[in-house]
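A.B. asks: Pasting a structure below so you can have a look.
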Amino acid sequence: MIIVDDQAIIRSGLRMMIESSEDFEVAGEAVDGADAIIQTRLHRPDIALMDLRMPTMDGVCATRRLVGLPDPPKVLVLSTYDSDGQVLEALDAGAAGFLLKDLRCEELFSALHVIASGGRVFAPELLRNLVRRAARRMPVQVDGVDAKVAALSEGERKVLRLIGMGMTNEQIARELHLAGASVKTYVSRTLAKLELGNRTQAAVFAYSMGLVGAPPPGAPGTSSR
């Protein structure tokens with residue numbers, strides 16, 4: 001992968017974190033978006049860790065340019081800025097994820113595995129904000145909502161709630177003590193039963209139905225059957 005950030009101390013810190021893992025390696029570093037394009041053409045990385053605010057070419061513009069290249073890298077934005085507008089701009093540019101720079105080492109590794117496998121990952125607080133915004137502006141329209149929700153098993157309801165909280169499949173697996181394959185099955189069945197097309201729609205649906213903010217699965221006062 002390559003690390004794109006105009007601050008040398010940030011690049012150095014990220015390199016040290018990444019190189020402490022046996023699963024990933026840093027092929028190069030870039031000081032701004034224009035340099036990121038050069039480094040990508042030189043090293044052909046699988047992933048680009050992208051800052052947003054940089055001189056010469058910012059992260060949004062660089063992301064748009066990178067994903068337009070042949071055999072493009074997957075772009076994971078790491079930023080100190082968390083406004084809805086910046087998140088949406090990064091997503092519109094083609095970023096596969098958006099995390100804040102105060103994340104822990106294990107959170108970064110988990111995100112990199114998700115991105116490498118073709119998934120998307122977002123800081124839970126950012127996704128919750130976007131879901132609330134989407135739910136207010138574009139309520140999910142599903143015919144026979146009550147019947148469809150009633151058709152969900154308890155496990156599917158728990159998974160739906162955790163999707164609404166912004167959790168990845170890996171995080172859901174840890175939370176519910178399930179195998180990754182089981183989580184994928186739950187997600188697929190939940191989307192099919194609710195006639196939803198993707199996880200974002202499922203997250204909006206969960207928020208609209210009041211599932212987000214409820215007690216955690218298995219907590220006192222909730223059913224564990």
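Throughout, read-outs are computed from the coordinates displayed, never taken from laboratory work. Since the structure is predicted, the reported quantities are computational estimates derived from the model, not experimental observations. Using ideal geometry, Cβ is built from the backbone for each residue, glycine included, and neighbour counts are taken over all protein chains shown.
A.B. asks: Non-local amide H neighbours of residue 57 (under 5 Å, H modeled in plane, Pro and chain starts lacking H): which ones?
C.D. replies: 33, 34
A.B. asks: What is the distance in Å between the Cα centroid of the range 6-40 and that of the range 62-107?
C.D. replies: The range 6-40 and the range 62-107 have Cα centres spaced 14 Å from each other.
A.B. asks: Separate question: Extension gain residue 43-residue 21, at 0.36 nm per residue separation less the Cα-Cα distance, in nm?
C.D. replies: 6.0 nm
A.B. asks: So, one more: Measuring from the lowest to the highest alpha carbon on each principal axis, how far does the range 2-122 reach, largest first, in angstroms?
C.D. replies: That gives 32, 31, 29 Å along the principal axes, largest extent first.
A.B. asks: What's the FRET efficiency of residue 7 with residue 177 using the Cβ-Cβ distance as r and R₀ = 45 Å, to the nearest 0.05?
C.D. replies: Values: r = 40 Å, r/R0 = 0.88.
So the FRET efficiency works out to roughly 0.70.
A.B. asks: Here is a follow-up. Run the numbers for residue 105 and residue 150: contour at 0.36 nm per residue of separation, minus the present Cα-Cα distance, in nm.
C.D. replies: Working: separation 45, 0.36 × 45 = 16.20 nm, distance 3.97 nm.
Length difference between fully extended and current span is 12.2 nm.
A.B. asks: Please enumerate, by chain and number, the aspartates and glutamates with C-alpha under 15 Å from the C-alpha of residue 193, excluding those fewer than 8 residues away in the same chain.
C.D. replies: Partners found: 143, 146, 154, 156.
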